[in-house]
Amino acid sequence: KKYLDYKASLTKKFLSFGLIALLISVGLATYFSGKIRRPIMKLVEATRQVSSGELDTRVQQVDDTRELSELAKSFNLMAESLETDRNQLQQAFQEVEAALKKADEKNRAYLEMLGFVTHELKSPLASIVFAIGSLRENLLGPLNPAQEAVLKSSAKSTDYLNATIANFLNLSRIE
């Protein structure tokens, strides 16, 4: 009985010390894992903010562990670089937009000028075509073969010029 009581007493002491050691271990594990988990969760939250477009997000430096401090520094450098790149892209986009607007204005002015010039060429060309038609039908008298050859060449040139003017007018209408 004496040894059984001693055994029970030792078992109670062993379980008590074991339970106390377990509680201390759990407490220390929770404390140390929290020291690591909190900065990592801050990094995770900052990453979510950056991915949603808030590029001015920064993480406070953690001095507890060198690795987490390095990770925070790297994150901040990355976010700063992304913010700089976004600003440069926005500036480049605005420049391209301004250049496109300027090119559109120049294109519009070109098409207006093209329409004006082709319209102004159409009237004299109609007179030339009428004159060539009159000469070909011998309304002004008979032509010799050399004159007919020159007249045929002139008719081809006026047909080409008339088609070119029609193309330019169609281009300005399409635009």
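The values are calculated or read from the model by the stated rules, or taken from the named source; none is laboratory data. The shown structure was predicted, so the numbers you read here are calculated from the model rather than taken from an experiment. A quick note on method: Cβ atoms are made from the backbone with ideal geometry, for glycine too, and the neighbour counts reach across all protein chains shown. For the accessible areas, the whole protein counts, side chains as well, though only heavy atoms, and no ligand, DNA or RNA atoms are used. Shrake-Rupley method; radii C 1.70, N 1.55, O 1.52, S 1.80 Å.
Every residue in the range 163-175 that is open to solvent by less than 60 Å² (accessible area, probe 1.4 Å) and of a type outside the set (Ser, Thr, Tyr), please. Scanning the range 163-175 gives Ala163, Ile165, Ala166, Leu169.
Determine whether Leu121 is of a type in the set (A, V, I, L, M), farther than 30 Å from Leu55 by Cα, part of a helix (DSSP H, G or I) and touching a helix residue (DSSP H, G or I) at 6+ places or on another chain (Cβ under 8 Å). Talk me through it step by step, then tell me what you get.
Values: of a type in the set (A, V, I, L, M): yes; farther than 30 Å from Leu55 by Cα: yes; part of a helix (DSSP H, G or I): yes; touching a helix residue (DSSP H, G or I) at 6+ places or on another chain (Cβ under 8 Å): yes.
In short, yes.
On the basis of being under 30 Å from Lys42 (Cβ atoms), at pLDDT below 90, open to solvent by less than 90 Å² (accessible area, probe 1.4 Å) and of a type in the set (Val, Ile, Thr), does Thr65 make the cut? Considered against the rule, which asks whether it is under 30 Å from Lys42 (Cβ atoms), at pLDDT below 90, open to solvent by less than 90 Å² (accessible area, probe 1.4 Å) and of a type in the set (Val, Ile, Thr), Thr65 comes out as yes. In the set (1) among the aliphatic types (A, V, I, L, M); (2) outside any helix (DSSP H, G or I); (3) within 30 Å of Val44 (Cα to Cα), Leu139 fails one condition alone, (3). Within the range 14-60, being open to solvent by less than 90 Å² (accessible area, probe 1.4 Å) and in contact with a Lys or Arg (Cβ under 8 Å, 6 or more places away or on another chain) holds for Ala46, Leu55, Val59.
Is there any pair with a first residue in the range 81-103 that is modelled with pLDDT under 95 and a second that is open to solvent by less than 70 Å² (accessible area, probe 1.4 Å) whose Cβ atoms are under 8 Å apart and which are 6 or more apart or on different chains, and what are they? So the pair list comes out as Leu82/Val50; Leu82/Leu55; Glu83/Leu55; Arg86/Leu55. For the residues Ala155, Ala149, the requirement of being assigned to a helix (DSSP H, G or I), more than 30 Å from Tyr110 (Cα to Cα) and of a type in the set (Gly, Ala, Ser) singles out Ala149. Looking across the range 140-155 at every residue that is under 28 Å from Leu169 (Cβ atoms) and polar (S, T, N, Q), the one that is surrounded by the most Cβ atoms within 10 Å (Cβ to Cβ) is identified as Ser154. Among the hydroxyl-bearing types (Ser, Thr, Tyr), more than 30 Å from Asn162 (Cα to Cα), part of a helix (DSSP H, G or I) and open to solvent by 100 Å² or more (accessible area, probe 1.4 Å) - does that describe any residue in the range 82-98? No, every residue in the range 82-98 fails to be among the hydroxyl-bearing types (Ser, Thr, Tyr), more than 30 Å from Asn162 (Cα to Cα), part of a helix (DSSP H, G or I) and open to solvent by 100 Å² or more (accessible area, probe 1.4 Å). List every residue pair whose Cβ atoms lie under 6 Å apart, where the two residues are 6 or more positions apart in sequence or sit on different chains, the first residue falls within the range 127-139 and is surrounded by 15 or more Cβ atoms within 10 Å (Cβ to Cβ), and the second residue, located anywhere, is not hydroxyl-bearing (Ser, Thr, Tyr). As it stands, the answer is Ile132/Ala155; Leu135/Leu151, since those pairs meet every condition given.
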